[in-house]
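The values are calculated or read from the model by the stated rules, or taken from the named source; none is laboratory data. Values in this document were obtained by computation on a predicted structure and should not be read as measured data. Note that each Cβ is placed from the backbone with ideal geometry, even for glycine, and that neighbours are counted across all protein chains shown. In case anyone asks, the SASA skips ligands and DNA or RNA and just uses the protein heavy atoms, side chains included. Shrake-Rupley method; radii C 1.70, N 1.55, O 1.52, S 1.80 Å.
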Amino acid sequence: MLRLVICSMAFFAAAAGSAQTAQTPADHLRAGQQYQRQGRLQDAEAEYRKAVDLDPKEADIASLYGQVLLGQLCSARGDYPCAIAQLQRALRRDPTLGKAHYFLGITFTLAGQQDRAVPELAEAARLEPQNAAFHYYLGLALLDVARDAEAAGALQKAVDLDPADVPSRTNLAWALINIGRNREAVGVLDHALKLERTDPSAWFLRGEARRRLGNTDAAVADFEKSLEIDSRSEDALFSLGTIAYLRQDFDRASACFVRLLAIDGDHAGAHYGLAKILLKQGRAADAVSHLVACIARDPRSKGAHYQLAQAYRQLGETEKAQKELQVFQSLGGDANGADGAPVERLAKRPGRGGGPSSR
Amino acid sequence: MLPPVLIIALGASPANRPSANVDITFADVTAAAGLHTRIVYGGTGQNKYILETTGTGVAFLDYDNDGWPDIFLVNGSTLDGFPKGQEPSNHLFRNRHDGTFEDVTRRAGLVQSGWGQGAAVADYDNDGFDDLFVTYWGQNRLYRNRGDGTFEDVTVRAGLAGERRWGTSAAFADYDNDGFVDLYVANYIDFDPRTAPLPGAKIPGVNCSYRGFAVMCGPRGLKGERDRLYHNTGKGTFTDVTVEAGEIDKDGYRGLGVAWGDVNNDGYPDVVVANDAQPNLLYVNQRNGRFRESALEAGIAVDEDGRARAGMGVDLADYDNDGWLDLAIANFYGEPHSLYANQKNVTFLDTTWASGIGRATMHHLGWGTRFMDYDNDGWKDLLLVNGHVYPEVDRQKLDETYAEPTVLLRNGGNGTFADVTASVGDALAGPRPGRGLAVADYDNDGDLDVLIASVNAYPCLLENRGGNANHWLTVRLVGRKSNRDGIGARVTVTAGGVSRVEEVRSGASYLSHSDFRAHFGLGGTTSNATVEVRWPGGQVDRLETPVDRAIVVREGG
């Protein structure tokens, strides 16, 4: 859950009167805010709704803010259609409400409509350029739609506005890694780690940036540190296993992948990594079971089908090998997206929580 | 009874020289050698179309049969073009035998402008003089060497005219062992600037951006163009047998690199094609005029994770000295260049990471690719010319740059390679936006020198200084029943109890052609070497020779 979605939005000063005596939209608005501060979200939502309903002609500014706050609470409890409707109504009345754009953008993000989130958050950041949170969440939304270069720009603004915020830095680093600016990413993460030594994602990302720069010894040290802080870090274990595999250190690679499977028995990458090692060791029959498990989790894994064909061939099962090659070929051409960079984007980025406050 | 051979002694033979780790530098002698021709190719700072990215090749050929490798440089063009009479031309430089070259382009009749790409060399008519084939975005051209220092454009007469494609690498080999070399031409993209998308275009499936900024579109999403195989009729003409020979490149992949080589040691040349962001191809010669595509089963079509890499340059050589040809392919930035060890059963083992090549090349965008024993220690090293395709990367604060270092990887003799670029002087590394690469002992001093073509830059001739501290042998073949250059012949040199194999090859690398002479590093061996030549027609010749010699072996003695 996004922290800022449930934070209060103080359009008005604290309510002077009692919620029970509310009569006007402004009264209901104040009452709702009071309830919201008390954590009585259902009551707050009811009051905001009254503020809105009392002003069908949408002439009172209190009902405008009621719509925004109602949208915020709808969003917080997962009723995205309600949230979107209220926030869009508010924005029709006043398109300059930065926070309404912001909440609407966040709601679109939560509703899985990342494409629609970006313009709302961009507008929020345009209207309130000094609000670090707006830039931060714009950056996250841009990352979600793989617009990494723009994301880096937005996240850099968030960092500039709130230099002490670690999530802004780690996500900026994530964006920089994805656009091939790994040296810069290392610098950003050095700073993040000065601010927070125990953030496993910062260690992991610095390891990833260093790995991509070819500095694998330093990368391994960072991944191990990440794992030391979070012993169940699947990303760190997978990266350590992959590096060991490429270094032909199959014992170490196996240990990482086995440990990973102990955390997540269905981890496709771990099954795949183990299978490749077993194949290189001539243990094709053992490799097959891991590849089958990998394919069960990820049926479109070209690598798994390709390797399964090799395993069957090693076992002398040519028909099965041929069939797997056919499946492999049927999966089509290149997996790369519209961008020409062959280096894969990081699959996951640092946790979505945190980030600067919307104030 | 050994057949008679012509032996040309080129150097003294001091004994007890080191077998490895000799002190070697590559010196940039371009200007001193008189290679004053700037290569023109596409835009500077930015490119509008993919046409502007592929660059040009180079060739070492002995066009005047004087025993000294001459140089041919392919030149390109720009989108704006040039005023008439000022167009960049290809260039032929004659080796003066003193470390310098004379520009004989005009005299040789080789002035030609256009979007030149690659060069391939062979004596296609077996008249004793090497001919030239030059690929273009446009009409490829075949130049017949008249033997008097001039060439004639015989493209039309040879039956190679009329098909305007985007030819890239080309290579000759006698695939049916009839004594006349045939021709494989890789074609890249079906490109038309009138319809090609522009940088930054948003077209599903078409790459028009790189790391978030607009760049020229492609190659992904652009339609490839089918390669062509031409059969030499033996009467000065070629016929297109692309379909009859086994549906060569039936899917029209984006071909960039071609290398012929007998990968299954059956006496018939097979061919490997490196494709850009599409699976590589291996055509295994069926010995009946047809080929069978076998790359996927052979394990070289894609990487071990099933991904098609962006193949550019390609070379075949026996890097592990087991008598079987192994394979190297240069790939894109962020992909390792690939190394495959021949498993002697038409399959290859991907040794990219086990050999150390992967780690050394992950951050390079490779083109020219050549196995060469630069230190004459008897193990073939690997030279890789690199350079980015997007000039724009220099303005984007990325880790990658347009100009990239050339990388020399020394073969440790144990299956691994070590990056020794820094140990051979600054000149080899560059960096440069490199493309074509050819190798020859142009100064006939017993070690292999290097010629590199870069985009919008002067060529770079790098003289190997110190490689001849180890012993060596160079073998030039003259075919009689077989094709005149002995292309496809297998030369085995045994010295000091160790056998090493070379195959005479036209083309390979990227858009380029290296000297036909088979070069053998012999390490510290001072005793005589035994040379065995297995000719494409099956004839086997054997002879014995002192080392540190350039010898000529004529088929059948």
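Measuring from centroid to centroid over Cα atoms, what is the spacing of region B:168-244 and region B:482-557 in Å? Centre-to-centre distance over Cα atoms comes out at 32 Å.
For region B:358-426, which trypsin sites (Lys or Arg not before Pro) pass both filters: DSSP loop (anything but H, G, I, E, B) and at most 16 other C-beta atoms within 10 Å? Within region B:358-426, the qualifying trypsin sites (Lys or Arg not before Pro) (loop, at most 16 other Cβ atoms within 10 Å) are B:LYS397. Annotation for region B:60-76 versus region B:363-425: alpha-carbon center distance of 25 Å.
DSSP finds beta bridges in chain B, and of those with both partners inside it, around 95 percent are antiparallel. For chain B, B:CYS460 stand unpaired, since no other cysteine beta carbon lies under 4.7 Å from theirs. Diffusion coefficient (Stokes-Einstein, Kirkwood radius over C-alpha pairs, 25 °C, 0.890 mPa s) for region B:425-473: 211 µm²/s, rounded to a whole number. Surface composition of region B:355-403: carbon plus sulfur atoms hold 50% of the accessible area, using a 1.4 angstrom probe and ignoring ligands, DNA and RNA.
Note on chain A: Cα-Cα pairs beyond 38 Å make up 34% of the total pair count.
Here chain A exposes an accessible surface that is 50 percent carbon and sulfur, computed with a 1.4 Å probe and the other protein chains kept in place. Once the Cβ-Cβ distance of A:VAL145 and A:ASP94 is raised to the sixth power relative to R0 = 22 Å, the FRET efficiency obtained is 0.20.
When restricted to Cα atoms, region A:133-208 yields an Rg and a Dmax of 10.9, 30 Å, respectively. Put simply, chains A and B cover up around 2900 Å² of each other's accessible surface, both sides summed, when a 1.4 Å probe is used. Percentage of Cα-Cα pair distances in the protein assembly as shown greater than 58 Å, rounded to whole percent? Percent of Cα pairs beyond 58 Å in the protein assembly as shown: 19. A cut-off of 5 Å between modelled amide H atoms, ignoring neighbours fewer than 5 places along the same chain, links B:ILE189 with B:TRP166, B:GLU225.
Taken over the Cα atoms of region A:64-128, the convex hull encloses 61 Å³ per residue.
Over chain B, DSSP H runs of length four or greater, each weighted -39,500 (n - 2.57), average out per residue to a 222 nm ellipticity of -500 deg cm²/dmol.
For region A:207-269, the set of trypsin sites (Lys or Arg not before Pro) satisfying both a DSSP loop assignment and a count of at most 14 other C-beta atoms within 10 Å is given as A:ARG232.
Mark the label point 7 Å from the Cα of B:GLU152 along Cα→Cβ and return the residues of region B:99-117 whose backbone N is within less than 12 Å of it. Answer for region B:99-117: none. Using the Karplus relation 6.51 cos²θ - 1.76 cosθ + 1.60 with θ = phi - 60°, the per-residue 3J(HN,Hα) values for region B:80-92 come to 6, x, 9, x, 4, x, 10, 5, x, 10, 4, 9, 10 Hz, with x marking Gly and Pro.
Exactly which trypsin sites (Lys or Arg not before Pro) in region B:227-281 are in a DSSP loop and have at most 14 other Cβ atoms within 10 Å? Answer by residue number: B:LYS235, B:LYS250. For region B:193-254, the calculated P(r), taken from all Cα-Cα distances in 10 Å bins from zero up to the bin holding the longest distance, is 20, 31, 21, 18, 8, 1 percent. Once the gyration tensor of the Cα atoms in region B:157-304 is diagonalised, the equivalent ellipsoid follows with semi-axes of 31, 19, 10 Å, ordered largest first. Its residues counted as N, chain B yields a C-alpha radius of gyration over 2.2 N^0.38 Å of 0.88.
Remark on region B:385-413: accessible area falls by at least 30 square angstrom from chain-alone to full-complex state for B:LYS397, B:ASP399, probe 1.4 angstrom. Mean silhouette area of region A:229-316, derived from the convex hull of its C-alpha atoms and averaged over all directions, reads 5.2 nm².
The apolar share of the surface of region B:102-196, taken as the fraction of accessible area on carbon and sulfur atoms (1.4 Å probe, ligands and nucleic acids excluded), comes to 44 percent.
Excluding same-chain neighbours fewer than eight residues apart, the lysines reachable from B:LYS223 by a Cα-Cα span under 27 Å are A:LYS302, B:LYS48, B:LYS202, B:LYS250. Using the Cβ-Cβ distance between B:VAL243 and B:ALA161 with R0 set to 30 Å, the FRET efficiency from 1/(1 + (r/R0)^6) comes to roughly 0.95. A Förster radius of 56 Å combined with the Cβ-Cβ distance from A:LEU195 to B:LYS48 puts the calculated FRET efficiency at roughly 0.80.
With contributions of -39500 (n - 2.57) from each DSSP H run of at least four residues, the per-residue ellipticity at 222 nm computed over chain A stands at -22000 deg cm²/dmol.
The convex hull built on the alpha-carbon positions of region B:152-214 has an orientation-averaged projected area of 7.6 nm². For the protein assembly as shown, the solvent-accessible area works out to 36 Å² per residue, with a probe of 1.4 Å and every protein chain left in place.
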